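K.L.:
First the structure, then my questions, so here it is.
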Amino acid sequence: MMSTRLNYYRASPAAMKAMMAIEEATKGLSIPLALRELVKMRVSQINGCAYCLNMHAPDARAAGVSQQKLDVLAAWRESPAFDARERAALAWADALTRLEASGAPDSDYAAVVEVFSETEVVDLTLVINVINAWNRFAVGFRSQHPVAQDHAA
C-alpha cells in the first residue's frame, strides 16, 4: 500500500478552503443529489480514486442511487439500469474526465443538451470538474480511505 504523501489541508488551508467553498456551492445547483453522487462515483472510477469512491458510495446510496446502479456503473453503457438523463450525464462525465482522448465529442454534447437545460449543462459540468479536482488531490497525494473492520488485515 502506498503511503500518504502530505496532508494538503494542513499544507495549504487557504487552497482547501477554496475547494470546500466550490464543493459547497455545487450543492445549491440544479443537479439533483442522486445524480451528483452518481457522477462523482463514475469520475472517481475513471480516475482510480479509492478515497473518493469509498466516500461517495454511502452518500450515493443515501441519496437514493440503487446498489444495482453502483454495481454496474463501470459498465453503464451496457446496462439498461440508467435513464436518459443519467446516461447523458455519465457520457458527459466520461468525455470531460478523459478530455485528452475524447475531445468532448459533439455526440456527447448533443445527448446532454437534449435532456438538460443550458443551466443544468453548466451546473453538471461544474460538478464533473470539482470531483475531478478532488480526485487529483486524493490520488496525487495518496490519500488513504479508512478500511472497514471486517476487511482489516
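The values are calculated or read from the model by the stated rules, or taken from the named source; none is laboratory data. Given the structure is predicted, the values throughout are model-derived calculations rather than measurements. Because the Cβ atoms are built from the backbone with ideal geometry, glycine has one as well, and the counts that use them run over all protein chains shown.
K.L.:
For the range 98-130, enumerate the residues that are of a type in the set (A, V, I, L, M, F, W, C) and surrounded by 17 or more Cβ atoms within 10 Å (Cβ to Cβ). Working first, answer last.
P.N.:
First, pick out the residues of the range 98-130 that are of a type in the set (A, V, I, L, M, F, W, C): 99, 101, 104, 110-113, 115-116, 121-122, 124, 126-128, 130.
Hits for the range 98-130 are Ala111, Val112, Phe116, Val121, Leu124, Val127, Ile128, Val130.
K.L.:
If I go through the range 1-27 residue by residue, how many of them are part of a loop (DSSP other than H, G, I, E, B) and either polar (S, T, N, Q) or under 17 Å from Ala60 (Cα atoms) (or both)? Spell out the reasoning first.
P.N.:
Going through the range 1-27, the residues part of a loop (DSSP other than H, G, I, E, B) turn out to be 1-7, 12, 27.
If we keep only those that are either polar (S, T, N, Q) or under 17 Å from Ala60 (Cα atoms) (or both) too, we end up with 3-4, 7, 12, 27.
Qualifying residue count, the range 1-27: 5.
K.L.:
Would you check if Ala34 is over 22 Å from Gln144 (Cβ atoms), in contact with a Leu (Cβ under 6 Å, 6 or more places away or on another chain) and surrounded by fewer than 23 Cβ atoms within 10 Å (Cβ to Cβ)? Break it down into steps so the answer makes sense when it comes.
P.N.:
Numbers: over 22 Å from Gln144 (Cβ atoms): yes; in contact with a Leu (Cβ under 6 Å, 6 or more places away or on another chain): no; surrounded by fewer than 23 Cβ atoms within 10 Å (Cβ to Cβ): yes.
Judged against the criteria, Ala34 is not a match.
K.L.:
Can you work out which of the residues in the range 71-110 that are part of a helix (DSSP H, G or I) and more than 22 Å from Asn47 (Cβ to Cβ) is nearest to the chain's Cα centre (by Cα)? Give the steps one after another, and end with the answer.
P.N.:
If we filter the range 71-110 for residues that are part of a helix (DSSP H, G or I), which is where we start, we get 71-78, 84-97, 99-102, 106-110.
Now narrow it down to the ones that are more than 22 Å from Asn47 (Cβ to Cβ): 84-85, 106-107, 110.
Details: Ala84: 18, Arg85: 16, Asp106: 22, Ser107: 21, Ala110: 21 Å.
Residue satisfying both the conditions and the ranking: Arg85.
K.L.:
Would you check if there is a residue in the range 72-95 being touching a residue at least 12 places away in the same chain (Cβ under 8 Å) and under 23 Å from Val147 (Cα atoms)?
P.N.:
yes
K.L.:
Hey, could you check the range 142-153 for residues that are closer than 17 Å to Tyr9 by Cα and surrounded by fewer than 15 Cβ atoms within 10 Å (Cβ to Cβ) and say which is modelled with the lowest pLDDT?
P.N.:
Of the residues in the range 142-153, the ones closer than 17 Å to Tyr9 by Cα are 142-145.
Retained after the next criterion (residues that are surrounded by fewer than 15 Cβ atoms within 10 Å (Cβ to Cβ)): 142, 144-145.
Details: Arg142: 89, Gln144: 83, His145: 86.
Top of the filtered list is Gln144.
K.L.:
Of the residues Ala50, Ala25, Ala21, Ala14, which is more than 21 Å from Gly140 (Cβ to Cβ) and either at pLDDT below 95 or not charged (D, E, K, R) (or both)?
P.N.:
Values: Ala50 fails: more than 21 Å from Gly140 (Cβ to Cβ); Ala21 fails: more than 21 Å from Gly140 (Cβ to Cβ); Ala14 fails: more than 21 Å from Gly140 (Cβ to Cβ).
Criteria check complete, one pass: Ala25.
K.L.:
Assess whether Lys40 counts as being part of a helix (DSSP H, G or I), charged (D, E, K, R) and farther than 14 Å from Asn132 by Cβ. Before the answer, list the steps.
P.N.:
Details: part of a helix (DSSP H, G or I): yes; charged (D, E, K, R): yes; farther than 14 Å from Asn132 by Cβ: no.
No: the conditions fail for Lys40.
K.L.:
Would you check which residues across the range 111-153 are under 15 Å from the mean Cα position of the chain (by Cα) and polar (S, T, N, Q) and list them?
P.N.:
Thr125, Asn129, Asn132, Asn135
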